[in-house]
Amino acid sequence: MTAPSTPPGAHLPDHPDFLWRNPEPKKSYDVVIIGGGGHGLATAHYLAKNHGITNVAVLEKGWLAGGNMARNTTLIRSNYLWDESARIYEHSLKLWEGLADDLDYPILFSQRGVLNLAHSLQDVRDSVRRVEANRLNGIDAQWVDPDEVKKLCPIVNISSDIRYPVLGATYQPRAGIAKHDYVAWGFARRADAAGIDIIQNCEVTGFTTDGNRVTGVKTTRGDIATGQVALCAAGHTSTLTDMLGIKTPLQSHPLQALVSELLEPVHPTVVMSNAVHVYVSQAHKGELVMGAGVDSYNGYGQRGAFHIIERQMAAAVELFPVFARAHLLRTWAGIVDVCPDASPIVGRTPFDNVFLNCGWGTGGFKATPGAGWCLADTIANDEVHEYIAPFSLDRFVTGALVDEHGAAGVAH
């Protein structure tokens, strides 16, 4: 099947490669999903595929997958330390491995592996600990020494006389990348074929409630009655919870990334470095894809601070001297919901029929199929799926998972 070219964002709804409609909303739906990005579309797909629920609307303020789904670095992995995180991300990775066949669409999933570099003795200790925890959870992981790092990625600088010498790395062979827009389009095509309405240019302006239930969603395209609501608007969930009076600890931050000009294949895997805050892969077309940490300030601007980019480039050139003369092509920032513990919030809210899926921070893309699968199961059965149960909103009362920020393999 020939993959479509990327259409201009402003014309996405009318582009001939888009095979689904942009219908007028019906008066009532069994389920309304707010957010037409990866998680919202995945939830819709699995509601239809796994549970036969198709009277569903996916509402998107802009165009399909034009938010964070279009602004990520496409990295997929499951090598997280805590059991709870390892479980949901490994479930997601297993779904990624069969997703192209499931969607009948070329998502370009490439399992090229990921290296998480260690630059200090403490890095080494933490990394070896994470490898052993991964193995206990049935996740492929290994510790490799500097020479093995060089074999896996010959362009990494493993000299001992640099600021951050490479002392080794964790390695997950099954990790990789996928083409983010193709993933969104694949989910959307299957949801549309099942009879689900994907409604673009439809901003949510409020809700109608009756006691502990939401009975309707107010939008710029009319009011919609609903039986259940799922909030999947990455980076903007807090604006929706504010409308409902639900208190969450979410903060929205710009998360930067950039790409280089097109290059011949030079980078065979994915390399991440917590100490120098950069991670680098090479996309299918040839551009280098580089991510950095979140900007420290709150905001909704889809661009970031220059000093973050400057440090990111300095780190990349130190680790990969061969990139010193590569030209920067484009920079951008997504807006991520960040929780104090850097773990997501997925599950119930104080409203009986409203479900949250937010706070994934930098982990959102890699969790796309797994989060959608589990949220769909939760909505269909009215019982929180075991893989997402640890990430409930009420965990902030108990203090569970507060250390995940330092356990994710990178501290951002």
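The values are calculated or read from the model by the stated rules, or taken from the named source; none is laboratory data. Here the structure is a predicted model, which means the values were calculated and not measured. FYI the Cβ positions are ideal-geometry reconstructions off the backbone, even for glycines, and counts take in every protein chain you see. Ligands, DNA and RNA are stripped out before the accessible areas are found, and what is left, the full protein with its side chains, is counted by its heavy atoms. Shrake-Rupley method; radii C 1.70, N 1.55, O 1.52, S 1.80 Å.
If I filter the range 220-252 down to residues being closer than 19 Å to residue 36 by Cα and in contact with a Pro (Cβ under 7 Å, 6 or more places away or on another chain), which single residue comes out as most open to solvent (accessible area, probe 1.4 Å)?
221
Quick test of your reading of the structure: residue 187 fulfils all but one of (1) over 20 Å from residue 91 (Cβ atoms); (2) among the aromatic types (Phe, Trp, Tyr); (3) crowded, with 20+ Cβ neighbours inside 10 Å. Name the failing condition by number.
(1)
Suppose the filter is surrounded by fewer than 19 Cβ atoms within 10 Å (Cβ to Cβ) and within 30 Å of residue 193 (Cβ to Cβ); does residue 151 pass it?
When the stated conditions are applied, residue 151 does not pass them.
Out of everything in the range 363-391 that is among the small types (Gly, Ala, Ser) and under 18 Å from the mean Cα position of the chain (by Cα), what residue ends up being farthest from residue 229 (Cα to Cα)?
It comes out as 363.
Check off (1) open to solvent by less than 20 Å² (accessible area, probe 1.4 Å); (2) modelled with pLDDT under 95 for residue 204 and give me the number that stays unchecked.
It fails just one condition, (2).
For the range 363-394, give me each residue that is surrounded by fewer than 24 Cβ atoms within 10 Å (Cβ to Cβ), within 30 Å of residue 293 (Cα to Cα) and touching a strand residue (DSSP E or B) at 6+ places or on another chain (Cβ under 8 Å).
389, 392, 393
Can you spot a residue in the range 254-268 that is of a type in the set (Ser, Thr, Tyr) and over 27 Å from residue 373 (Cα atoms)?
yes
Against the conditions (1) out of contact with any Leu (no Cβ under 7 Å at 6 or more places or on another chain); (2) more than 21 Å from residue 65 (Cα to Cα), where does residue 253 fall short? Just the number, please.
Of (1) out of contact with any Leu (no Cβ under 7 Å at 6 or more places or on another chain); (2) more than 21 Å from residue 65 (Cα to Cα), only one is false for residue 253: (2).
For the range 321-345, how many residues meet the condition of being more than 25 Å from residue 179 (Cβ to Cβ) and either touching a His at 6+ places or on another chain (Cβ under 7 Å) or at pLDDT 85 or above (or both)?
Looking only at that region, the number is 7.
Taking residue 175 as meeting all but one of (1) more than 22 Å from residue 288 (Cα to Cα); (2) within 16 Å of the chain's Cα centre (by Cα), write down the number of the exception.
(1)
Take residue 245 and tell me if it is on the phi > 0 side of the Ramachandran plot, at pLDDT 90 or above and out of contact with any Leu (no Cβ under 8 Å at 6 or more places or on another chain).
Against the criterion (on the phi > 0 side of the Ramachandran plot, at pLDDT 90 or above and out of contact with any Leu (no Cβ under 8 Å at 6 or more places or on another chain)), residue 245 qualifies.
Read through the list (1) more than 22 Å from residue 392 (Cβ to Cβ); (2) open to solvent by 20 Å² or more (accessible area, probe 1.4 Å); (3) modelled with pLDDT of 95 or more, then give the number of the only condition that residue 216 fails.
(2)
Going through the range 230-241 one residue at a time, which ones are out of contact with any Ser or Thr (no Cβ under 9 Å at 6 or more places or on another chain) and either at pLDDT 95 or above or among the charged types (D, E, K, R) (or both)?
Selection gives 240 alone.
If you scan the range 343-362, which residues turn out to be open to solvent by 10 Å² or more (accessible area, probe 1.4 Å) and within 13 Å of the chain's Cα centre (by Cα)?
Of everything in the range 343-362, those that are open to solvent by 10 Å² or more (accessible area, probe 1.4 Å) and within 13 Å of the chain's Cα centre (by Cα) turn out to be 360, 361, 362.
Would you check which residues across the range 307-337 are within 30 Å of residue 356 (Cβ to Cβ) and surrounded by fewer than 23 Cβ atoms within 10 Å (Cβ to Cβ) and list them?
308, 332, 335
Test of understanding: among 129, 71, 87, which residue is surrounded by fewer than 24 Cβ atoms within 10 Å (Cβ to Cβ) and over 30 Å from residue 240 (Cα atoms)?
129 is the lone residue from the list that is surrounded by fewer than 24 Cβ atoms within 10 Å (Cβ to Cβ) and over 30 Å from residue 240 (Cα atoms).
How do the pairs read when you match residues in the range 318-346 that are in contact (Cβ under 8 Å) with a residue 40 or more places away in the chain with residues anywhere that are open to solvent by less than 10 Å² (accessible area, probe 1.4 Å) and of a type in the set (D, E, K, R), using Cβ under 7 Å and keeping only pairs 6 or more apart or on different chains?
From residues that are in contact (Cβ under 8 Å) with a residue 40 or more places away in the chain, the pairs are 341/404; 342/404; 343/404.
Which condition from (1) surrounded by 24 or more Cβ atoms within 10 Å (Cβ to Cβ); (2) more than 17 Å from residue 185 (Cβ to Cβ); (3) aliphatic (A, V, I, L, M); (4) out of contact with any Asp or Glu (no Cβ under 7 Å at 6 or more places or on another chain) is the one that residue 56 breaks?
(4)
Just to be sure I understand, how many residues within the range 258-282 are modelled with pLDDT under 95, among the small types (Gly, Ala, Ser) and farther than 16 Å from residue 333 by Cα?
Selection size over the range 258-282: 2.
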